[in-house]
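This report concerns only the one structure given below.
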Amino acid sequence: MKSDKEKILITGALGQIGTELTNRLVEIHGAENVVASGLDRWNKNLTSAGFYERMDVTNTQLVRQVIKDYEITTVYHLASLLSGTSEKQPLFAWRLNLEPLLHFCEMAKEGLIQKIFWPSSIAVFGKGIPKENVGQDVVLNPTTVYGISKMAGEKWCEYYHDHFGVDIRSIRYPGLISWKTPAGGGTTDYAVEIFYEAIEEGKYTSFISKNTAMPMLYMDDAINATLKLMNAPKNELTVHSSYNLGGMSFTPAALAAEIKKEIPSFEIDYQPDFRQQIADSWPASIDDSVAKKDWGLQYDFDIAAMTHDMLKNLKLKLG
Ligand code: AKB
């Protein structure tokens, strides 16, 4: 017999979002109710979860067994290949970004799990869509492997909700910035790398051009938003594909100017690579009024507060 307690599985638990989300979930639910999982070995310095399963999330039999063994009720399925890396391994990206999601939806349909969180991305929008203040319901037209996989995933989330009542919730994350865990393989990752290089080298070469604005979010705000969405009453949610999240919007030049306020000698130059084309197809800013209305989305960090917090904590971390 299943107990009433929420038992949580996180996939991609050693990744950028996973590390911080896992530790917050442990604070809320207790280590004994949180199972972290990932491809790498258990790094106890990174995750405070009570249990760790080293598993390939595309191994459906193993995943199903883990769900049963721990009597998991809620899954935060974060394992995914980001935009830059997906362009280099398109078929693997499609498989990793889609198949486990469908498998979790199937398990929810069978009643094996009760609730799922799955991250989408601003990468779903793509070409031909207005750049500014992009709304919740615009037509999606992604041109990247990553964006295509996220758009398809969103449609599957909506399908399983509409046809089988599956409780699956999702956010279109903008670029995420954190000092705790580095990002990996994303187009927005310049906004994390820049802080490391500013402290260690005093200069940074950006792979995104000077005036390309993209939506960004500080990790604290991302984790708060995720937990808020997961705690919202089901009947108050009106979006079952994925909620827009705008965060803040800035260019590499604006971020460099902000860093210069604290490190006056900091220098930046620009050498855009293949990720520039990806960034050019993404929105510059997002309208997230539906998330604000449905479940009270709010932010604590703007570019100045985020930059100050990043520099303060990274300086301590890097010694
Ligand atoms: C990426 O750049 O690929 C991600 C994203 C915006 O989803 N950070």
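Annotations
- Note on segment 83-116: residues that are open to solvent by 50 Å² or more (accessible area, probe 1.4 Å) and either modelled with pLDDT under 95 or more than 16 Å from GLU154 (Cα to Cα) (or both) total 9.
- Residue among ALA253, ALA191, ALA222 that is touching a Lys or Arg at 6+ places or on another chain (Cβ under 8 Å) and small (Gly, Ala, Ser): ALA253
- Any hit, segment 238-258, residues being touching a His at 6+ places or on another chain (Cβ under 6 Å) and either loosely packed, with under 14 Cβ neighbours inside 10 Å or not in a helix (DSSP H, G or I) (or both): yes
- Candidate set from segment 3-24 (those that are among the hydrophobic types (A, V, I, L, M, F, W, C) and assigned to a loop (DSSP other than H, G, I, E, B)); member that is least open to solvent (accessible area, probe 1.4 Å): ALA13
- Looking only at residues in segment 195-220 that are part of a helix (DSSP H, G or I) and crowded, with 23+ Cβ neighbours inside 10 Å, the one that is nearest to the ligand (Cβ to nearest atom) is MET219.
- Top-ranked residue of segment 162-192 - restricted to ones that are among the polar types (S, T, N, Q) and within 6 Å of the ligand (Cβ to nearest atom), ranked as surrounded by the fewest Cβ atoms within 10 Å (Cβ to Cβ): THR188
- Within the set GLY126, GLY153, GLY147, GLY135, the sole residue that is within 13 Å of the ligand (Cβ to nearest atom) and surrounded by fewer than 24 Cβ atoms within 10 Å (Cβ to Cβ) turns out to be GLY126.
- Segments classed as helices (runs of 4 or more DSSP H), wholly inside segment 262-319, with at least 1 members that are more than 16 Å from the ligand (Cβ to nearest atom) and closer than 21 Å to MET214 by Cα: 289-295, 303-318
The values are calculated or read from the model by the stated rules, or taken from the named source; none is laboratory data. Note that the structure is a prediction, hence the values are computed from the model and not measured. Counting neighbours? That spans all protein chains shown, and the Cβs are built from the backbone with ideal geometry, glycine included. Accessible surface areas use protein heavy atoms only, side chains included; no ligands, DNA or RNA. Shrake-Rupley method; radii C 1.70, N 1.55, O 1.52, S 1.80 Å.
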